[in-house]
Amino acid sequence: MDSIIHKENQYTAKNYHPLHVVIKRGKGVYLWDVEGKRYIDMMSAYSAVSHGHGHPRLLKALERQAKALCIVSRAFHSDKLAPFLEKLCTISKMDMALPMNTGAEAVETAIKAARLWGYNVKGIAKNRAKIIVAKGNFHGRTTTIVSFSSDKEYKEGFGPLTPGFVTVPFGDEKALEEAITPDVCAFLVEPMQGEGGIIIPPDGWLKKVQKICKKNNVLLILDEIQTGLGRTGKVFAYQHEIDKPDGLILGKALGGGIMPVSMFLGKKEVMEQFQPGSHGSTFGGNPLAAAIGMEALNVLMEENLTENSQVLGDYMKKKIMKIDSKLIKEVRGSGLWIGVEINKKHASARDVCERMLQKGVLTKETHETVVRFAPPLVITKGVIDEVIGILDETLIELEFKA
């Protein structure tokens, strides 16, 4: 294992700080390293593997479509894209969709759509459109996206930064209303923040935000790359409070944990602003991606993964909250998406993750203080109990050490 890590460090740019493990294979909620040790996956590749590793239905869809046709580009029509988009639009109640590959690409698409709508429909003067974002956001790593990040390390050394963004506190609808001017075309926000530390806004916040946006003729665009497709106990996190936004960004679990598939969906008035040549992607909407995306949606619905997330997420959160440890500062979450904030006086989240790794549980810290738990939605109560036992044992060890 050490030799593999050494070679990777020799040839790979150091833009990640992974835990000391080399994964070789996966099945369901489990992963195995190159030495044969089994681990419980409590990360799901940042929610991309919500269906579990190697889901048989998804593998069959992959094999079937790969044998028929993988990619022809959007220069031509294919037989798999329209049914996929129709199903996704029906589930989300959105009018139209634009397929991409990665989450960041879908966010960039949303930014383009918002600005086009701002100029063509709202009548904002040329090059004056503003988009409001939330403090603590994470929407991707492109130059434009990091330009409105609150995290200095995401921006350092990448200037000049892209203008046109205004930041307000997350979960504060009054600050949003005060920031709106005639040049604002959209509010781009995560309904619940992931990389920010699993931050859940106050009850009723999203409903108030939607009302403010409608009143001021501002698009409400929700980034549900992590929260979407069952992760928070609803198919989409916005369904906890509102009927639908004006724009919706999806990714990660949309590809079934097999390949990158992302999407920007919106109301017709927004989507019709795109014209041939205004946007594109060589791989976006390819037949293989569409076939896998369609089966990912079918599995999500037919195997009741959203309901499993809601029931077992509540169960897991309550069990964690019963742990009596001075290391736990706060427990936050919705569905199978839970953040445990560690009191930095006693330990770091990295300390917890490294010790849990040794005990057979894989997860990762965010912002140094939060341990996140986001397992595949196919997890069972028995496996959750095993994870909670290991978490409790780990906290006791660290507390004794402190």
Task: Candidates PRO201, PRO245, PRO18, ranked by Gaussian network fluctuation over the chain, Cα under 10 Å, top entry - done: PRO18
TODO: Kindly flag which residue pairs out of LYS27/LYS60; LYS152/LYS214; LYS234/LYS381; LYS319/LYS359 have an alpha-carbon separation exceeding 22 Å in this structure.
DONE: LYS152/LYS214
Task: Listed residues LEU300, GLY257, HIS240: farthest to the positive end of the dipole of the stretch 236-308 (Cβ charges) - done: GLY257
Open item on the list: Apply the Karplus curve 6.51 cos²θ - 1.76 cosθ + 1.60, θ = phi - 60°, to the phi angles in the stretch 5-19 and return the couplings in whole Hz, x for Gly and Pro.
Closed with: 5, 4, 5, 4, 5, 5, 10, 10, 4, 8, 8, 9, 10, x, 6
Open item on the list: Using a Cα-Cα cut-off of under 17 Å, which aspartates and glutamates could be cross-linked to LYS211, ignoring same-chain neighbours fewer than 8 residues away?
Closed with: ASP172, GLU173, GLU177, GLU178, GLU190, ASP203, GLU241, ASP243, ASP246
Task: Residue (of VAL387, THR109, GLY277) at the positive-pole extreme of the chain, dipole from beta-carbon charges - done: GLY277
Open item on the list: I'd like the orientation of helix 56-68 relative to the chain: the angle between its Cα long axis and the longest Cα principal axis, in ° from 0 to 90, rounded to 10.
Closed with: 50 degrees
Open item on the list: If I stretch the segment between GLN239 and ILE23 completely, what's the gain in nm (0.36 nm per residue apart, minus their alpha carbon distance), one decimal?
Closed with: 74.2 nm
- [ ] On a 0 to 90° scale, report how tilted helix 305-321 is relative to the longest principal axis of the chain, with both axes built from alpha carbons and the result rounded to the nearest 10.
- [x] 50 degrees
Task: Fluctuation leader among VAL107, VAL270, VAL72 - the chain, Gaussian network, Cα springs under 10 angstrom - done: VAL72
- [ ] Would you please give the residues with an amide H less than 5 Å from that of GLU330, counting only those at least 5 places away or on a separate chain, with H modeled from the backbone geometry?
- [x] GLU341
TODO: Assign unit charges at the C-beta atoms only (+1 for Lys and Arg, -1 for Asp and Glu), then state the dipole size of the stretch 56-302 relative to its Cα centre in Debye, rounded to the nearest 20.
DONE: 360 debye
Open item on the list: Under the rule of at least 5 residues apart or a separate chain, name every residue whose amide H is placed under 5 Å from the amide H of VAL361.
Closed with: ILE40
- [ ] Report, as a whole number in µm² per second, the diffusion coefficient that Stokes-Einstein gives for the stretch 250-298 at 37 °C and 0.692 mPa s using the Kirkwood radius over alpha carbon pairs.
- [x] 275 µm²/s
Task: Amide proton proximity set for LYS267, modelled H, under 5 Å, gap of 5+ - done: ASP95
TODO: Could you work out the Kirkwood radius for the stretch 276-402, taking every pair of different alpha carbons, averaging 1/r and inverting it, reported in Å?
DONE: 16.5 Å
Task: Rounded tilt (10° steps) of 381-401 against the dominant C-alpha axis of the chain - done: 70 degrees
- [ ] Apply the Karplus parameterisation 6.51 cos²θ - 1.76 cosθ + 1.60, with θ equal to phi minus 60°, to every residue of the stretch 165-180 and state each ³J(HN,Hα) to the nearest whole Hz, in sequence, with x for glycine and proline.
- [x] 10, 10, 9, 10, x, 6, x, 10, 5, 5, 5, 4, 4, 5, 7, 6
TODO: Per DSSP H run of at least 4 residues, take -39500 (n - 2.57); add these up for the chain, divide by its residues and hand me the 222 nm value, nearest 500 deg cm²/dmol.
DONE: -11000 deg cm²/dmol
Open item on the list: Please list, in order along the stretch 206-219, the HN-Hα scalar couplings obtained from phi with the Karplus expression 6.51 cos²θ - 1.76 cosθ + 1.60 (θ = phi - 60°), rounded to whole Hz, x for Gly and Pro.
Closed with: 5, 5, 5, 4, 4, 5, 5, 5, 5, 4, 9, 6, 10, 6
Open item on the list: Test of understanding: in a Gaussian network model of the chain with alpha carbons linked when under 10 Å, which of PHE138, PHE373, PHE158 would top the mean-square fluctuation ranking?
Closed with: PHE158
Open item on the list: Using 21 Å as the Cα-Cα cut-off, could you pick out the over-long pairs in LYS329/LYS401; LYS67/LYS87; LYS207/LYS267; LYS208/LYS252; LYS14/LYS401?
Closed with: LYS67/LYS87; LYS208/LYS252; LYS14/LYS401
Open item on the list: Quick check on the stretch 24-65: take the gyration tensor over C-alpha atoms, sort the square-rooted eigenvalues as a ≥ b ≥ c, and tell me if it's rounded (a/c under 1.5), prolate or oblate.
Closed with: oblate
Task: Share of pairwise Cα separations in the stretch 169-284, more than 24 Å, in percent - done: 30 percent
- [ ] Among DSSP beta bridges whose residues both lie in the stretch 56-302, state the antiparallel percentage, nearest 5.
- [x] 40 percent
Open item on the list: How large is log10 of I(q)/I(0) for the chain at q = 0.10 Å⁻¹ when the intensity is taken from the Debye formula with one equal scatterer per alpha-carbon?
Closed with: -0.68
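No value in this document is a laboratory result; all are computed from the given coordinates. Here the structure is a predicted model, which is why all the values come from computation and not from measurement. Cβ: placed from backbone, ideal geometry, glycine included. Neighbour counts: every protein chain shown.
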